[in-house]
Structures are given as structure tokens and as C-alpha cells.
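Working notes, structure below.
The values are calculated or read from the model by the stated rules, or taken from the named source; none is laboratory data. The structure displayed is predicted, hence computed values, not measured ones. Heads up, the Cβs are rebuilt from the backbone with ideal geometry, glycines too, and the neighbour counts pull from every protein chain shown. Note: areas computed on protein heavy atoms with side chains; ligands, DNA, RNA excluded. Shrake-Rupley method; radii C 1.70, N 1.55, O 1.52, S 1.80 Å.
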Amino acid sequence: MFLLNTTEELTTERICEYIKLHRTALSERYEKLESYYKGEHDILLRKPKRKDDPCNNVVCNYAKYITDIGSGFLIGEPVSYQSEENDLTDLLEWFKAAEVDVQDGDNAEDQSIYGVAYELVYMSSDESPTPKTASIHPSQGFVIYNNTTELLPIAGVYYHETRDTATQQVNGYMVEVSTDKQYIRFRVTADYALDGEVTTENNPFGMVTLIEIYNNRFLQGDFEQLISLIDGYNKQQSNRIDDKEAFVNSLMVLKGQTLGDTSDEKAETVRSIKENGVVELTADGELSFLTRQSDQQGDQLLAESIAKDIHKFSYIPNLTDEHFASNVSGIAMQFKLWGLLQLMKKKERYIKEGLRYRIKLFSAILAIKGKSPVDVSKVTITITRNLPKNLVEIAQVIGNLSGICSNETLVAQLPFVEDPEKEVQKAAEEKQAAMDAEFVMASKSVNENDEE
């Protein structure tokens, strides 16, 4: 965490120092985590012990599996927002235009990989500017906080590399800093020294516009502690294939005869054997193969043991396990996913904190444009787990809770409803229209009876 004393001034020189620290302390770690997610594991660097030894470097990408399953389970469904005291129409329209669902998915993925995610909120450049969002790679941004117990954000720093057009070497960084009052833009050299003029511009949001979202309090990625296990599994699988290849390429042993008197004759005999698949032996000659014995059962048990440890310590279930979904009732499934659900609860707290901050930023522009601002404390944020849905069970739950919970809350449980507030309003309108039609029919029947 980057901290600044409340008595100190945030200067461009201090920002340059923070950028240098960020690059030197975290860039290598982020690069390794990203490489593992992309399948570029250390096993690919393995070399054969001897020139002709088999060396299969197999990547079993558990890192990607853990991130994709975990982030998809956490926020695979769009986040929903409800408020009884605020009109969210304008806010949700802007959210839809900004495609915040895409950013939510990207943020959850970055959280899982790097241990932290960053979202930059900015104004669009069209004729009628509205707030937009973009996910920022953790190696390109950070937030500076004050050193009080509140840890209030002082500045959000977003920077990206610039390269020499001829050599494509990094020759500096373009920096944009947002504070509660202004944007500060400048360039720094590759040695993190100020280069050129500093420009400033008013910040219409009135807040730091870079949002920092933790994955956990230690800012660790979901597979970061499991890299040694993943490496072990890769090595185990690679060695098994090496053993199989060594068995296929086992040495031929001849007794009682030779393949030739010279190296050329021996090479010619070997080529003939490979081409024809026949070995001609003398009466006293014997042929056998020298092979290394392999404990296939032991190797399989070891591979399964490592795989189980990866699933156990990541809390991500093995979805290919034939016993996993043998009982698909809601309660049974939740017991099987109990560990994963607890992990998601922790991640969800930090995600909601970031979403509330996003609402504040959007609400600031709503107020400027004369629209109804939103009191974030009155907004209920619902993150729905992306699980196979049993609509019969959901309908039963909604029926049992009718009259206890609000209609909007109940409708929000339905996976096929994207906007619960509009759905409740539409249902009420249809119900009223049906009652009006029934009233008209009843009135018509009464009038006909009176005429008779």
C-alpha cells in the first residue's frame, strides 16, 4: 500500500518515487502470475539431463482453471442494484451504456490472477459526455492513501510505457494522476525523472477516479500460493510421458553376435532393421531390450494426490469428478461448494466496496447534469452466484417468502430477469390492466341485465 503523511504535499517528484517503487517491487511478480495464467510455466524451461534423453515439457494449466472457474462462479451473472428510496433509472442507463458488466468480469479475473484489480472511471469524448469505465492492468496503476486509520484515497496514478519508434525500447512513461480536485498529467523518463511540462485540469468527479479492488487483505492471487503444487503436477505428468517414451525407445541388447565390424556397418544394419522390421540372428544369437521398470500405479496415485491438493487448497472443485454432481439438489450442491462459497464471500466484500465507490463517481456527474443523484447507502447490491439453476426450487422459495420480502427482492432471485425493478413495475401494470378489463366486463354485464 502506498501511503502519504497528511502533513506532506503530493508532488510530482514524490509520484515519480512511487512509480519507481511500484515498477521495481511488483512488476516481476505480476509478470510471473500473468505468465502462469497464460500457460507459460517454469516446466517449459526444463532441459534434458543428457543429449538423447526424452524431455517432454507438459503444461497442465491449473492456474487458468482456478481463475476461470472462480471468477465465473463469483460474478458470471450481472450485478443487480435495488433501492426503495432512490430512482436508479438514470444510473442504470449509464451503467448499461458503459457496459459495466464487462468491467465487473474483467475486474474479477484480475483479482484472481494478481490479487488486486483496478478500474478507471472517466468521461466519454462524445458530444454529450457520460461516465465510462475501463479495467487497468495492475502493473499500470496504484492508489495513494493517507496514513490515517481511515486510509482515505489521496490520488489515483495511472501510467503506461512509451517506446522509441526506432528501437522499440521503453524510453519513459506517460502519467495521469487524479485527485479530488484535478487531473495532473506529465511524462517521466525510463529513470523515473520528470520530463517536460506538467499540465492540470479540473476533475469533475470531485473524487479519485481510480478504484482499487482487493482480492483479499494480503493482495494475493487465487493460485499464487499453489504455484509449487502446479509445478509439481507439471513435472509429474512430464516425467510419466518421458518414461513412456524411454520405454518405446529402449536399447536393443544382442548376445552372441554383432551388428558389424565397423561403425558404418553397424549403422547400416540398424537402418535395415528399422526399415524391414526384421532382425536376422545366428544360431547362438540372442536379442532382448533394456528397459527401465516404471511404477505406473504409484505414478498415478502421486498425480491424483497432487491434483487433490490443488483443488483442496484453492477451494475450486473438480468439475470432471463423476461424483461431484451425482446429487444436484440445491442444499447438497451448496454443501459440496461450501469452501468455495466462503472464499467468494470474502472476495465479494471488496467487490461491493469498489461498486459503491463507482456509484459515488457516477452520481457526482448525475448531480452536475441536473439528474437525481444516488445515495449509495440506500442502494442494495446483489451479486448472484453463477450456479446451475433449479427453477422449481427457486419458485418454491419465492412462494414461501411472499409477504415477508419485497416483490423486487423476490423477483431478483429469478435468473432470467435482468432488471427486477422494471419487472415488478411491468407485472403491476399488467395486473392493473387485467383488473380494469375485468371491471369493464362486469360493468357491461350489469348494464345489460338492467336493460332487460
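Could you please state how large a percent of the accessible area of the chain is carbon and sulfur, counting protein chains only and using a 1.4 Å probe?
Of the solvent-accessible surface of the chain, carbon and sulfur hold 51 percent.
Hey, which aspartates and glutamates would be in cross-link range of Lys20, C-alpha to C-alpha under 14 Å, not counting anything within fewer than 8 residues on its own chain?
Those aspartates and glutamates meeting the cut-off are Glu28, Glu161, Asp191.
Could you name the lysines whose alpha carbon sits less than 26 Å from that of Lys266, not counting residues in the same chain fewer than 8 places away?
Output for Lys266: Lys51, Lys255, Lys274.
Could you check the spin-label model distance between Lys345 and Asn400? Points 7 Å from the Cα along Cα→Cβ, value in nm.
1.9
Quick one: net charge of Arg185's neighbours, Cβ under 11 Å, K/R +1, D/E -1?
Neighbour charge sum, excluding Arg185 itself: -2.
Once amide H atoms are built 1.01 Å from N in the peptide plane, which residues 5 or more positions from His160, or in another chain, come under 5 Å H to H?
Met174
Hey, got the Cα dimensions of the stretch 43-109 along the principal axes, in Å, largest first?
For the stretch 43-109, the Cα spread along each principal axis is 73, 19, 11 Å.
Relative contact order (percent) for the stretch 382-440, with alpha-carbon contacts under 8 angstrom and 6 or more residues of separation?
21
Report the antiparallel proportion of the DSSP beta bridges in the stretch 172-248 as a percent, rounded to a multiple of 5.
Counting only bridges with both partners in the stretch 172-248, antiparallel ones make up about 100 percent.
Mind checking the angle between helix 62-75 and the chain's longest principal axis? C-alpha axes, 0 to 90 degrees, to the nearest 10.
10
Under a straight-distance cross-link criterion of Cα-Cα below 23 Å, which lysines are reachable from Lys49, leaving out those fewer than 8 residues away in the same chain?
List returned: Lys235, Lys244.
Quick check of the Kirkwood formula: for the stretch 79-125, what is the inverse mean of 1/r over all pairs of different Cα atoms, in Å?
12.4
I'm checking a number: the convex hull volume of the Cα atoms of the stretch 1-90, normalised per residue, in Å³. What is it?
218
Between the helical axis of 338-368 and the dominant principal axis of the chain, each derived from Cα atoms, what acute angle in degrees is found, rounded to the nearest 10?
Between helix and principal axis, roughly 50 degrees.
Pairs Lys132/Lys360; Lys64/Lys132; Lys96/Lys422; Lys181/Lys378; Lys181/Lys369; Lys32/Lys347: which exceed 20 Å Cα-Cα?
Lys64/Lys132; Lys181/Lys378; Lys32/Lys347
Report the antiparallel proportion of the DSSP beta bridges in the stretch 1-149 as a percent, rounded to a multiple of 5.
Around 65 percent of the beta bridges assigned by DSSP in the stretch 1-149 are antiparallel ones.
How high is the relative contact order of the chain? Use alpha-carbon pairs under 8 Å, at least six apart in sequence, and give a whole percent.
It rounds to 19 percent for the chain.
So with the 1.4 Å probe, I'd like the accessible area per residue for the stretch 163-213, rounded to whole Å².
About 54 Å² of surface per residue is accessible.
What's the angle, to the nearest 10 degrees (0 to 90), between helix 420-451's Cα axis and the longest principal axis of the chain?
Roughly 50 degrees, rounded to the nearest 10.
Mind listing which trypsin sites (Lys or Arg not before Pro) in the stretch 166-213 are in a DSSP loop and have 11 or fewer other Cβ atoms within 10 Å?
Lys181
Excluding ligands and nucleic acids, what accessible area in Å² is computed for Thr200 using a 1.4 Å probe, to the nearest 10?
90
Please figure out what share of the DSSP beta bridges in the chain is antiparallel and state it in percent, rounded to the nearest 5.
Percentage antiparallel, nearest 5: 90.
Just the ratio, please: alpha-carbon radius of gyration of the chain over 2.2 N^0.38 Å, N its number of residues.
Against the compact-globule rule of thumb, the ratio is 1.44.
Need the full-extension length gain, Thr189 to Asn216, defined as separation in residues times 0.36 nm minus the C-alpha distance. One decimal, nm.
6.4 nm
Can you give me the long-range amide H partners of Ile154? Hydrogens built in the peptide plane at 1.01 Å from N, cutoff under 5 Å, separation of 5 or more residues or another chain.
Ile144, Tyr145, Asn146
May I ask for the net charge around Arg46, where only other residues with Cβ less than 12 Å from the Cβ of Arg46 are counted and Lys, Arg are +1 while Asp, Glu are -1?
-1
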